[in-house]
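What follows is a single structure, written as structure tokens, with notes after it.
All of the numbers you see were taken from the coordinates with simple rules; none came from a lab. Note that the structure is predicted; figures quoted are calculated from it, not measured. We place every Cβ from the backbone using ideal geometry, glycine too, and count neighbours over all the protein chains shown.
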Amino acid sequence: MALQVIDRTAVSGAVPGEVFSYVLESGLAIRDYKAVVTLTPAEGGTAIRWRSTFRAKVPGTGGLYRRQLGTFIGRTLEGLAAAAARAPHAGGTGPGAGAEARTGVRPPPSAP
């Protein structure tokens, strides 16, 4: 049985078809989680870039969260790209015709 995580997020900004950003308010043992999902035109479709930063609440757990969040974000991006590729588009082309996904999950630099 997979572990289910319930978190609470809030949208911090959005420009339809271009960018979506959000923050994590609760649910994980991390602080200052912020993410920005950017969509840019690419040959044959849309490039999706999902960049997030955070600080671990428990020292030494940042790497674990980075790996787990990276896996989650990667799977989510793959699902989005697959769904977009299946979606009907005018003339059989559109953003989903060829989606490229990149992730960037990194803890922010340590404060001085």
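Overview of results
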{"read-out": "Under the Karplus curve 6.51 cos²θ - 1.76 cosθ + 1.60, θ = phi - 60°, whole-Hz ³J(HN,Hα) for the range 55-66, x wherever Gly or Pro sits", "value": "10, 6, 6, 9, x, x, 9, x, x, 4, 5, 4"}
{"read-out": "FRET efficiency, Arg49 to Gln4 (Cβ-Cβ, R0 25 Å, nearest 0.05)", "value": "0.35"}
{"read-out": "In the range 1-49, the GluC sites (Glu not before Pro) that fall in loop regions by DSSP, at most 13 other Cβ within 10 Å", "value": "Glu18, Glu43"}
